[in-house]
Amino acid sequence: MSKQPPFPFDTRVRPATLTGWRARWFHIIFGHDDAPGRLFDLVLIIAILSSIVVTVLDTVNELHVRFASLFYALEWFFTVVFTLEYVVRLMVVARPMRYARSFFGIVDLLAVLPTYVSLLVAGSQYLLVIRAVRILRIFRVLKMTRYVGEADLLWGTLVKSRRKIFIFISTILTVVLIFGALMYLVEGPENGFSSIPRAMYWAVVTMTTVGFGDITPHTALGQVLTSLIMLVGYSIIAVPTGIFAAELAAGIRDVRQQLTCRACGLDGHQGDARFCRGCGQPLAAPALQASSSGANAQD
């Protein structure tokens, strides 16, 4: 039985076959280490960016009036290209339905679905619906995340810090509720604070130092409370940034320290490094290093 070769991509996605055109296109589409794979990624990134530019420009009324036909033709061109890409992805993977239900599979579908849906919605009374559906084409920007290696690190950082961020958001909501209720009692409907939810809206705007000015306190006590909530906002506005930065730094440190050269013992290599930057010897995978360390410890 032939051993399945290692793949330079997510091991959860496997090729439908190990030989033939499907295996070749699997390596081109899902692999990023050789020239054909990098060229495919580059072409697709350019197509994604171009389609987003067309979508954005099409919302400008002056440009839409002058180049409506061109924008329409370009939109269908990109839709056909992304449809073919989506179909080929399903054809070359071992489990098409699993990929279709994955995050990137759903994003790929959202990138082409609005254009086809707009064909089914006819009539002048539905023009706003068509425009709203077409705006969903902006989801194509999410297709670019698969080509940025650091995207997994950022997502992992968010997942690790989710409990701290949840506690922070809960604290903020509690503060907003308290100050909103106080301002409702102090100012009252006659000064624009017609309800606690509206007073909470004022608290959020004030705490974030945006200050739209559509609701302002008129009493001395209300102005004192406003000063307090502004100071609170300045004090805690940097908290989520600090949480995320700390988790991100820890993630980067873990990635850099996961590869250690067994020949010279030098660590701090990048996660995708293949050779030691000190002695030039090949680096073993983290799993192999862990098993080797465990065997040495037993000896």
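Each value in this text was obtained by applying a stated rule to the coordinates, not by laboratory testing. In this text, all values refer to a predicted model and were calculated from it rather than measured experimentally. Neighbour counts are summed over all protein chains in view; Cβ atoms, including those assigned to glycine, are modelled from backbone coordinates with ideal geometry.
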- Extension gain Asp267-Asp34, at 0.36 nm per residue separation less the Cα-Cα distance, in nm? 81.2 nm
- Task: Run the quick spin-label model on Ile169 and Ile45: label points 7 Å from Cα toward the beta carbon, then report their separation in nm to one decimal.
- Result: 3.1
- Message: Run the Debye formula on the Cα coordinates of segment 204-254, all scatterers equal and no solvent, and tell me log10 I(q)/I(0) at q = 0.17 1/Å.
- Response: -0.60
- Message: If I model a spin label at Ser69 and Leu185 as a point 7 Å from the Cα along the Cα→Cβ vector, what separation in nanometres do I get?
- Response: 6.8
- Query: So for the pair Leu158, Ile236, with labels modelled 7 Å out along Cα→Cβ, what separation do we get in nm?
  - Reply: 2.2
- Any chance you could tell me what percent of the C-alpha pair distances in segment 174-239 go past 16 Å? 35
- Task: Give the Rg/Rh ratio for segment 10-80, taking Rg as the radius of gyration of the Cα atoms and Rh as the Kirkwood radius, to two decimals.
- Result: 1.19
- From fewest to most C-beta neighbours within 10 Å, the residues Leu177, Leu74, Leu231 line up as Leu231, Leu177, Leu74
- Cβ-derived FRET efficiency at R0 45 Å, Ser194 paired with Val53, nearest 0.05: 0.55
- Message: Can you give me the long-range amide H partners of Leu266? Hydrogens built in the peptide plane at 1.01 Å from N, cutoff under 5 Å, separation of 5 or more residues or another chain.
- Response: Cys261
- Could you tell me which of Trp76, Asn61, Tyr99 has its Cα farthest along the dipole of segment 61-118 towards the positive end, charges placed at Cβ (Lys, Arg +1; Asp, Glu -1), taken about the Cα centre? Tyr99
